[in-house]
1. Give all pairs with beta carbons closer than 8 Å in which a residue from the stretch 16-34 that is within 19 Å of residue 83 (Cβ to Cβ) meets a residue that is assigned to a helix (DSSP H, G or I); count only pairs at least 6 apart in sequence or on separate chains.
2. Looking at this structure, is residue 23 open to solvent by 90 Å² or more (accessible area, probe 1.4 Å), modelled with pLDDT of 95 or more, at negative phi and basic (Lys, Arg)?
3. Name the residues in the stretch 49-73 that are open to solvent by less than 30 Å² (accessible area, probe 1.4 Å) and of a type in the set (A, V, I, L, M, F, W, C), would you?
4. Restrict the check to the stretch 3-12 and report whether at least one residue is at pLDDT below 90 and open to solvent by 70 Å² or more (accessible area, probe 1.4 Å).
Amino acid sequence: MTTGMAKIYVQNPFCDFCSKSIKEELLKIKDITNVYPYPNDSLVIFNFVGANELSTALNILTSMGYPPNGEKISKGPLVTGTCGC
């Protein structure tokens, strides 16, 4: 089974504490492995097996308040606040 690597720059900064939450949430997705958040760069890297897993991961990041760079997000109930630590 081949895997892809996602390198996602997110629009909002996050701290080390929030990095742990991001990692925990993404690792709940079947076939997502090797999750590495980089708070100083607003970057999340992980391996995935299929497009469905990648899409789910992007949706989770967005719902956590960290949409990918370049994605236009209207303010609404799905996008929560960013790191307030």
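1. Taking only residues 6 or more apart or on different chains, the pairs are 16/39; 18/39; 19/39; 22/61; 25/60; 26/57; 26/60; 26/61.
2. Numbers: open to solvent by 90 Å² or more (accessible area, probe 1.4 Å): no; modelled with pLDDT of 95 or more: yes; at negative phi: yes; basic (Lys, Arg): yes.
Spelling it out, it is not the case that residue 23 is open to solvent by 90 Å² or more (accessible area, probe 1.4 Å), modelled with pLDDT of 95 or more, at negative phi and basic (Lys, Arg).
3. Of all residues in the stretch 49-73, those open to solvent by less than 30 Å² (accessible area, probe 1.4 Å) come to 50, 57, 61-62, 65-68.
Of everything in the stretch 49-73, those that are open to solvent by less than 30 Å² (accessible area, probe 1.4 Å) and of a type in the set (A, V, I, L, M, F, W, C) turn out to be 57, 61.
4. For the stretch 3-12, residues at pLDDT below 90 and open to solvent by 70 Å² or more (accessible area, probe 1.4 Å): present.
The values are calculated or read from the model by the stated rules, or taken from the named source; none is laboratory data. Fair warning: this is a prediction, and the values are worked out from it, not measured in the lab. Methodologically, a virtual Cβ is constructed for each residue, glycine included, from the backbone with ideal geometry; neighbour enumeration extends over all protein chains shown. To get the accessible areas, we keep the full protein, side chains included, count just its heavy atoms, and leave off ligands, DNA and RNA. Shrake-Rupley method; radii C 1.70, N 1.55, O 1.52, S 1.80 Å.
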